[in-house]
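So the structure is just underneath, and the comments pick up after that.
Every read-out reported here was derived from the displayed coordinates using simple, explicitly stated rules and does not represent laboratory data. This is a predicted model, so every value here is computed, not measured. Here the Cβ positions follow ideal geometry from the backbone for every residue, glycine too, while neighbour counts run over all protein chains shown.
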């Protein structure tokens, strides 16, 4: 069956769809790698040493979660990340 030009206008060939899908999936995969590797680290205790250990364990992009409560620290918490 022969198609006239007006019937195929706007169609994309299957090979082009495959290529576009591959590029879009690749972009989404690489864009999500940083987000997927981020971790939430919960402080296990209530001392400044516990908080410092959690900060030391964290990588760039991670979140250090300190549970609700009242804390008073006289030491500084340091981070170079």
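Summary of values
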{"item": "For residue 69: the one exception among (1) in contact with a helix residue (DSSP H, G or I) (Cβ under 6 Å, 6 or more places away or on another chain); (2) in a loop (DSSP other than H, G, I, E, B)", "result": "(1)"}
{"item": "Number of positions in the stretch 51-60 that are over 10 Å from residue 79 (Cα atoms) and surrounded by 13 or more Cβ atoms within 10 Å (Cβ to Cβ)", "result": "3"}
